[in-house]
Amino acid sequence: MPWAIATVLTALIAYASLQLLMPGVGSGWFSKAYLPDGWTHGERVSYLLTEAVPLAAFILMGVIFWALGAPTRSAMRAASDGAAADTEGT
């Protein structure tokens with residue numbers, strides 16, 4: 001059952017991220033219904049950059065933390081494998 005919850009939450013995060021980067025995706029990208037007052041067509045790139053750059057930074061931080069945690073995950077895996085081998089021998 002945890003995989004179902006993880007799948008739903010991942011889908012919601014992907015949808016929210018897509019809506020953040022491209023408001024109204026699926027029902028008229030950047031249509032007038034989703035634009036703030038005074039918005040011009042030329043502001044698309046600046047809006048995209050103000051949203052995409054922080055999103056990319058957070059993704060990069062997540063990857064960095066994941067990579068830095070690799071030695072700990074390996075050590076924990078080795079410790080649990082050693083503990084499992086000890087209990088099988090008794």
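Roughly speaking, what % of Cα-Cα pairs in the chain are separated by over 19 Å, rounded to a whole number? Value for the chain: 65 percent of Cα pairs lie more than 19 Å apart.
By the compact-protein rule of thumb, 2.2 N^0.38 Å, the alpha-carbon radius of gyration of region 1-48 corresponds to a ratio of 1.51.
Where only DSSP H runs of four or more residues are counted, the chain gives -25000 deg cm²/dmol as its mean residue ellipticity at 222 nm, each run worth -39500 (n - 2.57).
Extending 7 Å from Cα along the Cβ direction at H41 and again at T72 yields two label points whose distance is 5.0 nm. Placing dummy labels 7 Å off each Cα toward the beta-carbon, the span from A16 to I64 is 2.3 nm.
The numbers here are math on the coordinates, done by the rules we state, and not lab data. Everything quoted here is computed from the prediction, not taken from an experiment. Note: ideal-geometry Cβ built from the backbone for every residue, glycine included; neighbour counts use all protein chains shown.
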